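Okay, structure first, notes after.
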Amino acid sequence: MVVVACVAILVVGPKDLPGMLRAFGKTMGNVRRMAGDFQRQFNDALKESELDELKNIASPSNFAPLDDAKKSMEEYKKSVESSIKEKQAEKSAASTSTAKPVKKTASKQTKPKPKQTAKAAASRATKPATSKPAARKPAKSKS
């Protein structure tokens, strides 16, 4: 820096040196401003492009949570129904391959109760009905 300052004094001269340094400062300020503006515009463009991507991702046409949930429930329902059909097919295949031939019979018939004879009915009617259970004897206590 000292060498540059010495060369500048020799080339420009001591009288014009302050004006030249002022012009150099202004030029450097303009360059810095332009670099800052360029960087700011570049950052804004990046943010805008990222926001555009986010807007496209979350746009109402692409974002339908209820429709997505409905589709997934329908797919789940189809998979459950197909697994149920598979299980039923397996059971029916297993039952037909291992099942013994079943004899066709009429529905279960119950044996008719024998008719009471007049003597049996009369003997039951004459017996006294015991409604009270027999009394227990008190247990002996050890004294």
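For every residue, the table says whether it meets (1) surrounded by fewer than 10 Cβ atoms within 10 Å (Cβ to Cβ); (2) assigned to a helix (DSSP H, G or I); (3) modelled with pLDDT under 85; (4) of a type in the set (Ser, Thr, Tyr).
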site: Ala23; (1), (2), (3), (4): no, yes, no, no
site: Val31; (1), (2), (3), (4): no, yes, no, no
site: Gln39; (1), (2), (3), (4): no, yes, no, no
site: Ser59; (1), (2), (3), (4): yes, no, yes, yes
site: Asp67; (1), (2), (3), (4): yes, yes, yes, no
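The number of residues in the range 12-21 that are closer than 18 Å to Met1 by Cα and assigned to a helix (DSSP H, G or I) comes to 5.
The values are calculated or read from the model by the stated rules, or taken from the named source; none is laboratory data. Everything numeric here is computed off the predicted structure, so don't read it as measured data. Ideal geometry is used to build each Cβ from the backbone, glycine not excepted, and the neighbour counts take in all protein chains shown.
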